[in-house]
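Nothing in this text is a laboratory measurement; each read-out follows from the coordinates by a stated rule. This is a predicted model, so every value here is computed, not measured. Neighbour counts run over all protein chains shown; Cβ positions are idealised from the backbone, glycine included.
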Amino acid sequence: MDINAPRYIKLHADDNVAIVANDRGLPAGASFADGLVLRERVPQGHKLALVDIPAGTAIRRYGAIIGTALADIPQGAWVAEKLVRMPEAPDLARLSPPSTRATQLPSLDGFTFEGFRNPDGSVGTRNVLAVSTSVQCVAGTLDFALQRVRSELLPRYPNVDGVVGLTHTYGCGVAIDAPDAAIPIRTLANLARNPNFGGQAMVVGLGCEKLLPERLLPDGAPPSDIMRLQDEAFHGFGPMVEAITEMCRARLEILNRRQRETCPASDLVIGLQCGGSDAFSGVTANPALGFAADLLVRAGATVMFSEVTEVRDAIHLLTARAADAGVAADLVREMAWYDAYLARGGADRSANTTPGNKSGGLVNIVEKALGSIVKSGSSPIVEVLAPGARPSKRGLIFAATPASDFICGTLQLASGIGLQVFTTGRGTPYGLAAAPVLKVATNSVLAKRWHDLIDFDAGGIATGTASIEDTGWDLFRLILETASGRNIPWSDRWGIANTLALFNPAPVT
């Protein structure tokens, strides 16, 4: 196959648009193998009209309506954003019921990884000391102390992968008892329980904050798990730093005794996310990740996908995959809550799509959502989590979060992921200090240009040099290797990570 010949990708027999596959797009006059000729230049990833599309008629991609034409669009023309009217979101009161086809896929046995088993039965992919905070006021002091811990203590404990401060902007100056305050408080409490932290929780507080440190620890936690900088025992900054250092030292001793052991793949909790999406996201990386997600679920693992605004316009496809009517109702609950949240802020779902998404060929959130949900695979959805909640089941789970990369990552960590897979078409150096992040490129141009930031190239699917199935299997194996510590993602090699970002829809006083 001549990869330089004009090529487009049509996803469904009913589609009347396709995306240009060639690097750097195609000029006017480019002729495809089927005789279609471009009327104007179309950038890579952007849509061309396969037939004449009269004004007011449906524009279809993925076999679904992504909008209606605002003007006549002739065959071979560029279907640009300005020509597409976005359709209304699916009516939550009239969604598809769970399908009888949403049945369990055949089990997949014999796959393992090397993980850190915890006393509560969870298994981590890393061995990390985490220090929680109850208020932002202490963040600077904790950061200072942890610099000392990393330079002076950590080299003595070779089995500990790192030290993480769970700092944030919450804790005081907030309506601590407002109903929606449950979200940030639950998130902080569950962050400390992430399986990569080995159960060695500790909290640094100030002493006068609204969020009491005790609310972030399990009932019955000993007083030694908490220190407050306002304690009268501290005469100056130095003793505060020394106290934090000693708390870390005691926990490093325990964590250093942990060893990786062979665990079944069913012990994994994997998060799925996308960011910097483009028109190839729903063609290459997300379908391959969806195939890998199905393999993980078949192996008994827990797989979470998220981002409410990036599934809202395809929610009818997800309720049909709910394991039962209760799960379908929970999906509707989270969509309705977020609709109301956006309405209170004077925004709507169309605010999700970024300038970069549009430059990458996505005309609106409807098209973006249809490509986004593909990464969830085809398994039945067994549970729906409120933001920051922890799962009670294994299998495919929808964990409700905003679409913000940083907030989604924080909430998925609170929900217990040990590793995240992040697909991107435009590129991002995103990473998490608490868990490895595998970044998957939707196109080979990005993978080559960012050769020391992208961990996996799914672009071969677009050029026809790789299949979704083979790429999915390769990604599945890479997930197991990364969870075992044998593959180190690029963000970890460089030591780059994003700051945690809480979701706080409650009032600030």
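Tabulated values for the structure
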{"item": "Solution diffusion estimate, µm²/s, Stokes-Einstein, the stretch 1-87, Kirkwood Rh from C-alpha pairs, 4 °C, viscosity 1.567 mPa s", "result": "101"}
{"item": "Violating pairs (Cα-Cα greater than 30 angstrom) within the set K210/K393; K375/K448; K47/K393; K210/K439; K358/K439; K10/K393", "result": "K210/K393; K47/K393; K210/K439; K10/K393"}
{"item": "Cα gyration tensor category, rounded, prolate or oblate, for the stretch 85-189 with a/c compared to 1.5", "result": "oblate"}
{"item": "Vicinal HN-Hα couplings computed from phi for the stretch 449-456 (Karplus, 6.51 cos²θ - 1.76 cosθ + 1.60; Hz; Gly/Pro x)", "result": "5, 9, 5, 10, 9, 8, 9, 8"}
{"item": "Under-5 Å amide H pairs with L26, H placed in peptide plane, nonlocal only", "result": "V42, Q44"}
{"item": "Two-site FRET efficiency, D324 against A233, from Cβ-Cβ distance with R₀ of 60 Å, rounded to 0.05", "result": "0.65"}
{"item": "Nearest-0.05 FRET efficiency for S107 and A5, computed from C-beta distance (R0 30 Å)", "result": "0.10"}
{"item": "Packing rank of 309-319, 215-225, where each peptide gets the mean count of other beta carbons within 10 Å, highest leading", "result": "309-319, 215-225"}
{"item": "Between 0 and 90°, nearest 10: helix 325-344 axis offset from the chain longest Cα axis", "result": "90"}
{"item": "Within-11-Å neighbourhood charge of C172 [Cβ basis; K, R +1; D, E -1]", "result": "0"}
{"item": "Estimated FRET transfer efficiency (D452, Q147; beta-carbon r; R0 22 Å; 0.05)", "result": "0.25"}
{"item": "Simple spin-label estimate for Q259 and R344 in nanometres, 7 Å along Cα-Cβ", "result": "5.1"}
{"item": "Cα long-axis angle, helix 468-483 against the chain (0 to 90 degrees, to the nearest 10)", "result": "10"}
{"item": "Karplus-derived 3J(HN,Hα), 6.51/-1.76/1.60, for each residue of the stretch 227-236, Hz, glycine and proline x", "result": "10, 10, 5, 7, 4, 5, 5, 8, 10, x"}
{"item": "The chain, relative contact order [Cα under 8 Å, separation at least 6], %", "result": "18"}
{"item": "Residue-wise HN-Hα coupling along the stretch 79-95, computed from phi with Karplus coefficients 6.51, -1.76, 1.60 (Hz; x: Gly, Pro)", "result": "8, 7, 3, 5, 9, 10, 8, 6, x, 5, 5, x, 6, 5, 7, 9, 9"}
{"item": "Among beta bridges that DSSP assigns inside the chain, antiparallel share in %, nearest 5", "result": "40"}
{"item": "Full-extension gain in nm, S378 to E481, via 0.36 nm per residue minus C-alpha separation", "result": "34.7 nm"}
{"item": "Environment charge of R193, counting only residues whose C-beta is closer than 12 Å and scoring Lys/Arg +1, Asp/Glu -1", "result": "+1"}
{"item": "Dipole magnitude (debye, nearest 20) for the chain, charges at Cβ of Lys, Arg, Asp, Glu", "result": "360"}
{"item": "In degrees, nearest ten, helix 139-148 long axis to first principal axis of the chain (Cα)", "result": "80"}
{"item": "Under-5 Å amide H pairs with A322, H placed in peptide plane, nonlocal only", "result": "S99, I381"}
{"item": "Nonlocal amide H pairs with T423, under 5 Å, H built at 1.01 Å", "result": "Q273, C274, G275, V440"}
